[in-house]
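For reference, the structure is listed below as structure tokens.
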Amino acid sequence: MVKYACPEGIEETAGTNAPEGERFAITRMARLLKVSTSGYYQHVKRRARAVLTPRQQRRADLEVKITEIHKDSKGTYGSPRITAELRARSEVVNPKTVATVMASIGLEGISPRTFKVKTTAVDPQASFPPDLIDRHFDQGRLDAVWLTDVTYLTCGEGDMFLCAIRDGHSRKVLGYSIADHIGADMVSEAIDRAAATRGGRCRGTILHSDRGGEYTAHLTAASCLRYGLRRSMGATGVCWDNSPSESFWSTFKHEEYYRHVYATKSDLVAAVDSWIVFYNTVRRHSSVGMHSPDNYEMSLQEAAA
């Protein structure tokens with residue numbers, strides 16, 4: 001308890017954090033401050049009414065959680081993925097509510113736009129394997145089809161190329177390689193990594209690509225033969241024949257690559273490594289029930305067990 005010195009020699013006794021009404025006589029305060037006691041009580045009532053209603057509190061809680069999820073996604077998630085993440089945290093919410101809250105606090109996801117630097121250089125002397133999938137990229141199980149492509153990147157030290165191999169069913173990136181040139185050696189390296197991810201259990205898997213020279217080369221054919229992969233190629237100049245790879249590059253570039261400037265090749269390689277880990281382990285994918293590819297494959301294994 002502490003004593004308070006008041007104007008005109010008045011002393012009142014109360015706790016240090018006590019409200020004004022408990023520390024001083026209301027009538028005495030009103031007279032000293034030259035206000036009416038009724039005005040004071042009206043002020044108290046207005047403050048009481050200012051307490052958030054349950055609906056307002058719910059809205060405030062959602063704003064905090066949505067902002068946190070949006071930040072954790074590196075600013076890429078829109079309302080569908082944020083809704084999925086909230087539901088995974090046992091929140092009962094619908095996408096329209098999430099979209100409304102996001103709009104009110106100025107948050108939005110990344111919307112990929114079509115853009116591609118041409119990297120497919122066809123060797124006119126090459127022979128092409130047939131198209132074994134006819135645009136049936138997802139055949140309902142893991143390791144039925146692997147999809148691969150190469151895309152162009154650049155940094156302050158020059159041009160780079162990224163080759164990736166993904167599972168057509170889970171969308172997981174199984175293997176990838178980055179080089180300062182485009183060629184069969186980078187494809188072969190990506191194949192080695194993809195096969196290692198699957199523990200070498202990929203015999204009979206279809207490896208589908210475009211007709212770029214890096215895929216028709218003898219080195220790529222030898223790598224496929226070593227692991228028992230069946231080569232498949234779409235038609236020349238028809239993007240729909242390898243559309244999941246085109247979509248993957250669009251996602252990567254709009255969510256990561258276009259949003260940063262890379263001074264060195266090592267900076268670019270580190271960014272690619274980090275984003276692919278995020279893509280495989282965290283990023284929710286609409287084609288696999290809003291799971292990450294790793295979580296989706298885990299759920300398949302648990303169901304099979």
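The values are calculated or read from the model by the stated rules, or taken from the named source; none is laboratory data. Keep in mind it's a predicted model, so treat the numbers as computed, not measured. Here the Cβ positions follow ideal geometry from the backbone for every residue, glycine too, while neighbour counts run over all protein chains shown.
For this structure, a couple of remarks:
- Among the residues making up region 251-286, those that are of a type in the set (Ser, Thr, Tyr) and closer than 18 Å to Leu86 by Cα are Thr281, Ser286.
- Looking only at region 213-250, and only at residues there that are touching a His at 6+ places or on another chain (Cβ under 9 Å) and among the polar types (S, T, N, Q), the one that is nearest to Trp275 (Cα to Cα): Ser245
- Condition check for Gly234: within 20 Å of Phe137 (Cα to Cα) and in the same structural domain as Arg284 (by the TED database): yes
- For beta carbons closer than 7 Å, sequence separation of 6+ or different chains, a first residue in region 266-279 that is under 17 Å from Lys71 (Cα atoms) and without any contact (Cβ under 8 Å) to a residue 60 or more places away in the chain and a second that is acidic (Asp, Glu) and part of a helix (DSSP H, G or I), there are no qualifying pairs.
- For region 252-281, the set of residues classified as crowded, with 18+ Cβ neighbours inside 10 Å, in a loop (DSSP other than H, G, I, E, B) and over 17 Å from the mean Cα position of the chain (by Cα) consists of Tyr262 only.
- Residue match in region 171-190 (condition: more than 23 Å from Phe128 (Cβ to Cβ), β-branched (Val, Ile, Thr) and in the same structural domain as Val150 (by the TED database)): yes
- Contact map, region 73-98: first residue assigned by the TED database to the domain that holds His260 and surrounded by fewer than 20 Cβ atoms within 10 Å (Cβ to Cβ), second residue modelled with pLDDT of 90 or more and not hydrophobic (A, V, I, L, M, F, W, C), Cβ cut-off under 9 Å, separation 6 or more or different chains; the map is empty.
- Residue within region 223-240 that is of a type in the set (Ser, Thr, Tyr), under 17 Å from Val150 (Cα atoms), loosely packed, with under 15 Cβ neighbours inside 10 Å and in contact (Cβ under 8 Å) with a residue 60 or more places away in the chain present: yes
- Only one of the numbered conditions (1) under 25 Å from His260 (Cα atoms); (2) in contact with a Pro (Cβ under 7 Å, 6 or more places away or on another chain) is violated by Met233, and that is (1).
- Taking strands (runs of 3 or more DSSP E) as the structural unit, no element lying wholly within region 136-230 holds at least 3 residues that are modelled with pLDDT of 95 or more, charged (D, E, K, R) and farther than 21 Å from Lys253 by Cα.
- Every residue from region 71-81 that is assigned to a helix (DSSP H, G or I) and closer than 18 Å to Tyr257 by Cα: Lys71, Asp72
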